[in-house]
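The values are calculated or read from the model by the stated rules, or taken from the named source; none is laboratory data. These figures come from a predicted structure and were not determined experimentally. A quick note on method: Cβ atoms are made from the backbone with ideal geometry, for glycine too, and the neighbour counts reach across all protein chains shown.
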Amino acid sequence: MWLPLLCLLCLIALATLLWQGNHWRSRGLKGPFGWPLVGNMLDFALARRSYGQVYEQIYSQNPGLKYVAFYRLFNEPAILVRDQELLRHILVGSHFVDCAENAVHVDPRRDVLASHNPFIASGDRWRILRADLVALFTPSRLRQTLPHVVSACQLLRAQIPLKLEGFEAKDLATRFTLQVVASVVFGLDAHCLDREEECPNRWLQWLAPLFQPSSKWSWLETVSLLHSPRLGWIIGHRYVPLQMQRWFRDLVAGRSGGDNLLQWLAESKRTLTKDELAGHATTLLLEGYETSAMLLAFVLYELARNEEVQRRLHQELDEVAQRHDGQLMDTAALSQLRYAEAALLEALRLHPAMQALQKRCTKSFRLPAQKSGCESETESALQVDVGTVLVLPVQAIHLDPDMWPEPKQFRPERFLQQPQMGCRFLGFGAGARMCPGMRLGLLQTKAALATLLQDHCVLLADRDQDQVEVEVSPLTFLTASKRGIWLRLERRSTQ
Ligand code: HEM
């Protein structure tokens with residue numbers, strides 16, 4: 001008696017799952033069929049490809065379309081936007097208000113501090129929290145942060161003799177950016193670049209591995225963050241682990257004035273609650289080190305593989321140093337390092353920290369009709385329902401040969417000649433939610449680059465690596481390399 005009932009229930013469950021995979025077809029839209037549970041993200045579900053690589057494949061397989069209706073994990077209907085004009089409407093134009101939320105799942109009760117991050121907040125709360133942070137990155141405030149960056153560069157320079165034989169670039173870069181952000185945000189010396197490297201230190205032990213694929217939970221955490229609040233609840237996922245939340249609160253409570261971001265926040269016109277202050281400190285720390293460290297590691301890697309680009313960079317470093325009495329660490333000299341900045345942007349194009357921006361529709365709107373590329377058939381306009389995720393595939397756009405000829409080549413010149421990027425370059429996002437810390441990110445990475453390369457060349461640790469691309473981890477939300485980036489430094493012979 002139970003068996004037929006069980007079979008019937010299984011059939012109903014299967015039919016429901018298959019029906020869900022037909023969501024878009026039932027609306028008259030052509031698109032890939034969504035498989036139960038994995039939708040069109042099987043390779044991501046099996047940890048064979050990163051989410052950005054899966055979106056890149058969907059993007060390149062549908063060349064004629066303005067947008068592709070597909071299914072994310074758990075068969076969630078989503079729209080991948082391909083068209084530049086549409087991207088502009090969504091990020092900076094009339095549709096920004098219709099999908100102003102980032103599609104990330106963070107439980108504000110479990111993650112009190114992370115919920116203050118503008119990236120995670122929405123509505124009026126986002127506006128207020130973002131305004132607090134934007135005020136910290138004006139050009140004059142940025143000038144005031146320079147001494148923190150310069151002190152970290154002095155410690156970085158002292159590390160160079162130890163790096164001649166070989167080093168893992170992301171490790172060194174993370175030590176540097178942690179040293180910078182601890183100082184910029186709190187005015188603290190984090191001792192991340194001390195000679196006694198093995199000395200235990202929370203900055204290195206807790207923060208350095210946070211966004212790395214080293215933890216066995218990495219994939220589940222990424223899925224919880226991007227796809228499933230329910231899974232997040234089951235595994236008790238916290239964007240900021242509890243012990244770290246306590247530590248950040250202690251650091252904020254123990255702050256002692258000085259010229260740093262936290263102090264400026266405490267003195268700001270709007271009176272901040274304790275939670276808001278600790279929340280902002282958390283945002284500034286977490287957003288401040290990892291993305292910049294990854295960028296620094298990738299630009300060193302690309303320079304090591306591209307001798308001619310490195311030669312041109314050295315030439316610029318020499319010329320600017322000559323104009324500034326050999327001194328590169330001041331605002332004027334750093335701002336003249338235009339080729340270095342272009343190299344950083346080009347490295348970010350090839351290796352974007354966020355492989356896709358994912359926005360959630362908060363107010364229903366219509367996408368224009370589009371021609372189906374292969375069958376030259378006009379489809380009607382698409383009503384986007386509240387809750388639908390719109391994927392803006394940053395990595396796919398950055399590697400699209402129609403927008404970037406020979407897209408895999410590392411050519412900083414692209415960023416010298418083309419000030420108008422539109423939505424072709426989304427390394428920092430665009431529009432009202434664009435990264436507010438961009439200038440600090442570029443300042444610290446550029447200063448580190450100048451420090452490391454003023455008197456040295458960077459080379460691949462292993463010559464054979466030249467042919468091999470860095471493998472991106474399929475497990476993490478922020479781009480991370482699977483096996484590390486191994487390089488070495490060599491003193492420059494001619495200057
Ligand atoms: C090279 C370094 C960096 C990269 C590549 C980067 C990249 C990004 C990207 C792609 C976004 C999403 C933009 C969007 O949703 O349209 C973002 C948002 C954000 N970034 Fe950065 N970032 C960097 C450095 C920093 C730094 C140094 C800080 C602060 C200390 C920071 C703070 C933030 C914040 C608060 C947001 C959320 C903004 C909002 O939603 O309103 N970032 N960043």
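Residues are listed down the side, and each one gets a yes or a no for (1) among the basic types (Lys, Arg); (2) within 16 Å of the ligand (Cβ to nearest atom); (3) within 22 Å of the chain's Cα centre (by Cα):
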| residue | (1), (2), (3) |
| --- | --- |
| Gly39 | no, no, no |
| Tyr51 | no, yes, yes |
| Val68 | no, no, no |
| Arg72 | yes, no, yes |
| Ala103 | no, yes, yes |
| Phe119 | no, yes, yes |
| Ala135 | no, yes, yes |
Q: Kindly establish whether Leu286 is more than 10 Å from the ligand (Cβ to nearest atom), of a type in the set (A, V, I, L, M, F, W, C) and out of contact with any His (no Cβ under 6 Å at 6 or more places or on another chain).
A: no
Q) Tell me, which strands (runs of 3 or more DSSP E) wholly within segment 309-384 include 3 or more residues that are at pLDDT 95 or above? A) 357-360
Q. What are the residues in segment 38-77 that are more than 24 Å from Thr479 (Cα to Cα) and part of a loop (DSSP other than H, G, I, E, B), if any?
A. Asn62, Pro63, Gly64, Leu65, Lys66
Q: Would you point out which residue out of Arg141, Arg109 is more than 21 Å from the chain's Cα centre (by Cα) and within 12 Å of the ligand (Cβ to nearest atom)?
A: Arg141
Q: Return only the number of the condition from (1) crowded, with 19+ Cβ neighbours inside 10 Å; (2) more than 15 Å from the ligand (Cβ to nearest atom) that Ala430 does not satisfy.
A: (2)
Q: Please tell me if Leu87 is modelled with pLDDT under 95 and aliphatic (A, V, I, L, M).
A: no
Q: Go through segment 90-103 residue by residue and tally those that are assigned to a helix (DSSP H, G or I) and surrounded by fewer than 21 Cβ atoms within 10 Å (Cβ to Cβ).
A: 3
(Q) Considering only residues that are of a type outside the set (Asp, Glu), within 16 Å of the ligand (Cβ to nearest atom) and farther than 28 Å from Ala103 by Cβ, which ones fall in segment 318-358? (A) Leu334, Leu337, Ala340, Ala342, Ala343
Q.
Which count do you get for residues in segment 121-132 that are part of a loop (DSSP other than H, G, I, E, B) and either more than 18 Å from Ala278 (Cβ to Cβ) or near the ligand (Cβ under 6 Å from one of its atoms) (or both)?
A. 1
Q) In segment 385-420, how many residues are part of a loop (DSSP other than H, G, I, E, B) and either farther than 29 Å from Ser364 by Cβ or among the acidic types (Asp, Glu) (or both)? A) 19
Q: Select, from Leu442, Leu452, the only residue that is assigned to a helix (DSSP H, G or I) and away from the ligand (no atom under 11 Å from the Cβ).
A: Leu452
